[in-house]
Amino acid sequence: MKVLLVEAGYKNKYPPLGLMKISAYHKELNDEVVFVKGKNKEIREQKWDRIYVTTLFTFYWNKTIDVIKYYYNSIDNKKEIYIGGILATLLFEELKTEPGLEGITIISGLLDKPGILQTDNIIIDTLTPDYDIIDISKNNYLNYEYEVKNSYITSTTKGCIRNCKFCAVKTLEPTYLDYIDIKEQIKIIDKKYGEKRNLMLMDNNVLASNSLVNIVDDLIELGYGKGNKSYIKKSGNRTLRQTRYIDFNQGIDARLVNEENMSQLSRLEIKPLRIAFDHSDEKNVKIYVQAQKLAAKNGIKNLSNYILFNFKDTPEELYYRLNINIELNIEFMNAGFNTSIWSFPMKCMPISGELAKTRKYIGSHWNAKLLRGVQCVLNATHGVVGPKKAFFQHAFGSNFEEFIEILYMPELLITQRKKCEENGSIEKWKSLFRTLTEIEKHQFIKLIESNKFSEKVIINKKIKQLYSMYLIKNIDSLI
Ligand code: B12
Ligand code: SF4
């Protein structure tokens, strides 16, 4: 059988794990397997017996549909085109009715039972992923390098015990699986594809596991215990011994943190430990702060979080949570902990329906300009908010009012902050903005909240002058 594996040409950090498992499956059956990222004319012109297209984020809808259509005629029997993965599970109905994709097979969920693709006893989800397909030195059709390549990517649990409204895990992995023994799989990867340094764990809620101690023991056995430097890197004639890090990339559940499980996690070399900070009410803030303090007390040095915004929160709540982390960093420093928290604001994305097909969703307390403003500030800080107070206050403002002002400034002023401070344009914008009355401010925000700017007739002189700064593309013309 001639099998083609496809991932659309979007930029993603992690390799397509689902396809890597499907590749292992077909190679076990002695089938010919080719993996391609995006569109490739030479491959499209061949005839295939089966095509698998993996899908990822729902907001990659257009690129995903486009690539399926691109290879649609490279097979005669359309039923042999299989689409699966995250988007296919979350937007199953939408895919089924998408014009131009008639006859294809859409698979929802995990391949965690035998017989989903063919009648045999193999459970594809448990197979060791085929790393050869993502190795550009071995795959002539691949011209894309995944950022996460020197890492094992797997999980020690599946699913989650909770059902948060903004999260897709309940649909993607509906059953909580408390323990997966990954040791054997890692050994096979080492033998077949070479040793990897780090371990990316996609566990959604590892602290919910009753087998946490076993999991930690397994990870230590695999070389991820604290202080372990078992990764050998050859550099010319020199041999370097390097630390191997674990990244639980989905963040841990602050509500489940306690002395016992934090001391278990502290046996590991985790970098960073991310603790979810989804809500700003008093109870959840207290829980979060306690969890971070416990982590610091247990000697975990690299701390992080996921700060969900654009859900039911207000911009003020985002600033408040960011600031809490700055204060915590100061507290850690004063207490002599060698620990810092880097914050990671995470914009909420819809997980179903039409709105999930793009990144355009706007939460009820947000608007397009505010969201774009946050993105612009974060672009300058590479998506993360560092621990230093002075830096934070400069980037995000020293109070909520300043934060909002920054987000409402023209994009050029946010992204080229230093230059615009030097040439006085930020000062000019601020003094104009601050002279607006409450009613004028309201009118002005109405004008800019869509983040779309065009020449307009504006009667109010102050508003007109301010608005004109949004139409300027060149910094030097701002002043
Ligand atoms: C790892 C991960 C990431 C990684 C990147 C992943 C990557 N591939 O590049 C990082 C940490 C960078 C990340 C970032 C984000 N993520 Co994320 N992430 C995940 C996570 C944990 C796993 C995704 C993954 O790669 N899975 C690998 C899968 C595909 O492999 P697998 O499980 O072995 O595959 C099985 C099945 O899917 C199926 N299958 C897979 N492919 C195929 C193909 C065929 C043909 C078939 C038949 C079957 C099949 O079979 C396999 C075996 O059972 C999911 C949550 C989850 N538990 O799924 C969230 C998730 C995908 N992320 C999500 C979000 C929102 C984000 C962010 C947007 C967050 C933010 N606001 O910043 C960012 C986006 C980054 C960007 N590019 O813009 C949401 C997606 C929601 C949506 N609307 O699409 C999810 C679902 C989390 C959630 N809580 O809801 N993420
Ligand atoms: S706890 Fe985390 S993984 Fe579980 S449902 Fe909530 S957001 Fe999703």
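Throughout, read-outs are computed from the coordinates displayed, never taken from laboratory work. These figures come from a predicted structure and were not determined experimentally. Reconstructed Cβ throughout: ideal geometry from the backbone, glycine too, with neighbour counts over all protein chains shown.
Expressed as a whole number of Å, what is the distance separating the alpha-carbon centroids of the stretch 173-242 and the stretch 431-447? Answer, in whole Å: 55. Amide H contacts for ILE106 (H built 1.01 Å from N in the peptide plane; partners 5 or more residues away or on another chain; cut-off under 5 Å): ILE83. The packing ranking of peptides 334-347, 16-29, 171-184, highest mean first, is 16-29, 334-347, 171-184, where packing means the average number of other beta carbon atoms within 10 angstrom of each residue.
Filter the DSSP H helices in the chain by two things, a Kyte-Doolittle mean of at least -0.5 and an axial alpha-carbon span of 24 angstrom or more, and list the hits by number.
Long hydrophobic helices here: 315-334.
Counting pairwise Cα distances across the stretch 146-412, what percent come out greater than 28 angstrom?
Looking at the stretch 146-412, the distances longer than 28 Å represent 41 percent of pairs.
Loop-located trypsin sites (Lys or Arg not before Pro) across the stretch 424-479 with a Cβ neighbour count of 11 or fewer within 10 Å are LYS452, LYS456, LYS473, with loop assigned by DSSP.
Here is how the number arises for the chain: DSSP H runs of 4 or more residues each give -39500 (n - 2.57), the sum is divided by the residue count, and the result at 222 nm is -10000 deg cm²/dmol. Each residue of the stretch 111-127 is assigned a 3J(HN,Hα), and the resulting list reads 9, 9, 10, x, x, 6, 9, 8, 7, 8, 9, 7, 9, 4, 4, 8, 6 Hz, derived from the Karplus form 6.51 cos²θ - 1.76 cosθ + 1.60 (θ = phi - 60°), x at Gly and Pro.
Need one number: convex hull volume per residue for the stretch 251-359, Cα atoms only, in Å³.
111 Å³
Partner aspartates and glutamates whose Cα lies under 13 Å from the Cα of LYS11, excluding those fewer than 8 positions away in the same chain, are identified as GLU145, GLU147.
Taking packing as the residue-averaged number of other Cβ atoms within 10 angstrom, the listed peptides 108-119, 73-84 run from highest to lowest as 73-84, 108-119.
Exposure proxy ranking for LEU5, LEU432, based on other Cβ atoms within 10 angstrom of each Cβ and starting from the fewest, stands as LEU432, LEU5.
Counting only lysines at least 8 places from LYS286 when in the same chain, those with an alpha carbon closer than 23 Å to its own are LYS165, LYS297, LYS301, LYS312, LYS347, LYS388, LYS389.
Past the 16 angstrom mark, what percentage of all C-alpha to C-alpha distances in the stretch 2-126 do you count? Cα-Cα pairs of the stretch 2-126 separated by over 16 Å account for 59 percent. Of the residues LEU177, TYR72, VAL36, the one whose Cα sits farthest towards the positive end of the charge dipole of the chain is VAL36 (charges of +1 on Lys and Arg Cβ, -1 on Asp and Glu Cβ, taken about the Cα centre).
Dimensions of the stretch 418-478 based on its C-alpha atoms, expressed as ranges along the principal axes with the largest first, amount to 31, 23, 19 Å. Think of each Lys and Arg Cβ as +1 and each Asp and Glu Cβ as -1; about the Cα centre, that makes the dipole of the stretch 146-412 roughly 1040 debye. Panel order for ARG372, ARG238, by other beta carbons found within 10 Å of each beta carbon, from fewest to most: ARG238, ARG372. The stretch 1-41 and the stretch 251-281 have Cα centres lying 35 Å from one another. Pairs from the list LYS39/LYS360; LYS69/LYS138; LYS271/LYS418; LYS13/LYS138 with a Cα-Cα gap above 29 Å: LYS271/LYS418. Shape index of the chain: Rg/Rh, with Rg the Cα radius of gyration and Rh the Kirkwood radius from the inverse mean 1/r over Cα pairs, equals 1.00. Cysteine residues of the chain whose C-beta has no other cysteine C-beta under 4.7 angstrom: CYS160, CYS348, CYS376, CYS420.
In a simple Cβ point-charge model (Lys, Arg +1; Asp, Glu -1; nothing else charged), the chain has a dipole of about 1320 debye relative to its Cα centre.
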